[in-house]
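Here is the structure we will look at.
The values are calculated or read from the model by the stated rules, or taken from the named source; none is laboratory data. Here the structure is a predicted model, which means the values were calculated and not measured. Cβ atoms come from the backbone with ideal geometry, glycine included; neighbour counts cover every protein chain shown. Note: areas computed on protein heavy atoms with side chains; ligands, DNA, RNA excluded. Shrake-Rupley method; radii C 1.70, N 1.55, O 1.52, S 1.80 Å.
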Amino acid sequence: MNVLVAAGTTLGDLQRRPLLDPVDQRILVCHALGIGRTALITQSERALSAEEAGRVSELLQRRANGEPVAYIVGRREFFGLDFETTPAVLIPRPDTELLVELALQRLPPRGRVLDMGTGSGAIAVAVAHGRPDAVVTALDVSEEALAVAARNAQRNGAHVRFLLSDWFGAVQGEQFDLIVSNPPYIAQGDRHLAQGDLRFEPSGALTDFADGLSALRTIVAGAQARLAPGAWLLMEHGYDQSEAVRGLLSADGYTEVQSWRDLAGIERVSGGRAR
Ligand code: GLN
């Protein structure tokens, strides 16, 4: 689809006849022009110069070509905080806020938290921001992701220790009071990988290139030895994986194994307590 906004088009025209999803368009028009949401209303008669129309057209065209809004504007809100988002990291999802809430409820005073596969740092930064007493460690196998995550910690005034690590590699011999993760859990070849925003996200953050459970298996198996007795492991997973993940946890001797539903009513997070 070709998107072209002509010079002389007013902000009001754009809103009356949106060229793509109105919410996406509003964000992109504001970003292209460097204006806030209210200006769209208070300046509805404002006509775009040729140069402004060109900038708006370019962003709307990128969106029409499928590029995620969060990558075009370079940011996304998560848990009330502002996160830089680049194609090196998964775009934070509202579903994942459930994992943060469960973590905040279970973290003891001055608790040591480990976020495995932190990506943008969304989970680690939200936990560290909400609980400044916590000692938060976040790891990722991607150096590019860690650079984004470190900037997100700084941007939000959160203290997080970042480690370049292939799963437990860099935290041998350490102990934690809570381990959280939103690992890659989409099976190789799943049709969702070829749809929507996922086409533009780092594939290593989405899929394990196997049955979808291999990262979850690695985390379940390795966390037991690195959790304080009775400490929680909480993991996000796919819409159809809760039973399998509870099975992994139970087989490994975790107690109070259970799943929690996201806003859509889907069992999205499962967890249990270490022996
Ligand atoms: N929740 C994401 C999606 O299905 C996947 C995130 C992940 O694999 N951890 O779009």
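Summary table
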item: The range 74-99 residues that are free of Cβ contacts under 8 Å to residues at least 12 places away in the same chain and away from the ligand (no atom under 12 Å from the Cβ), paired with ones that are open to solvent by less than 20 Å² (accessible area, probe 1.4 Å) and among the β-branched types (Val, Ile, Thr) (beta carbon under 9 Å, 6 or more apart); result: ARG75/THR85
item: Check on LEU146, within 21 Å of TRP232 (Cβ to Cβ), in contact with an Asp or Glu (Cβ under 6 Å, 6 or more places away or on another chain) and open to solvent by less than 40 Å² (accessible area, probe 1.4 Å); result: no
item: Tally of residues being in contact with a strand residue (DSSP E or B) (Cβ under 6 Å, 6 or more places away or on another chain) and either within 12 Å of the ligand (Cβ to nearest atom) or under 16 Å from GLY271 (Cα atoms) (or both) across the range 172-187; result: 9
item: Whichever residue in the range 188-217 is in contact (Cβ under 8 Å) with a residue 40 or more places away in the chain and more than 15 Å from ASP115 (Cβ to Cβ) and, among such residues, is surrounded by the most Cβ atoms within 10 Å (Cβ to Cβ); result: GLU201
item: Index of the failed condition, ALA205 passing every other in (1) among the aliphatic types (A, V, I, L, M); (2) closer than 25 Å to VAL257 by Cβ; (3) touching a Gly at 6+ places or on another chain (Cβ under 6 Å); result: (2)
item: Enumerated strands (runs of 3 or more DSSP E) restricted to the range 201-275, each holding at least 3 residues that are within 30 Å of THR86 (Cβ to Cβ) and at pLDDT 95 or above; result: 227-236, 267-273
item: Residues satisfying the stated conditions in the range 88-128, i.e. assigned to a loop (DSSP other than H, G, I, E, B), within 12 Å of the chain's Cα centre (by Cα) and not polar (S, T, N, Q); result: ALA88, VAL89, LEU90, ILE91, PRO92, ARG93, GLY117, GLY119, GLY121
item: Whichever residue in the range 231-275 is within 16 Å of the ligand (Cβ to nearest atom) and aromatic (Phe, Trp, Tyr) and, among such residues, is least open to solvent (accessible area, probe 1.4 Å); result: TRP260
item: Test: ALA138 is small (Gly, Ala, Ser), within 16 Å of the ligand (Cβ to nearest atom) and either open to solvent by 30 Å² or more (accessible area, probe 1.4 Å) or in a strand (DSSP E or B) (or both); result: yes
item: Flag for PRO109 being within 24 Å of CYS30 (Cβ to Cβ) and not aromatic (Phe, Trp, Tyr); result: no
item: Wholly within the range 1-57, helices (runs of 4 or more DSSP H) carrying at least 3 residues that are open to solvent by 60 Å² or more (accessible area, probe 1.4 Å); result: 22-33, 37-42
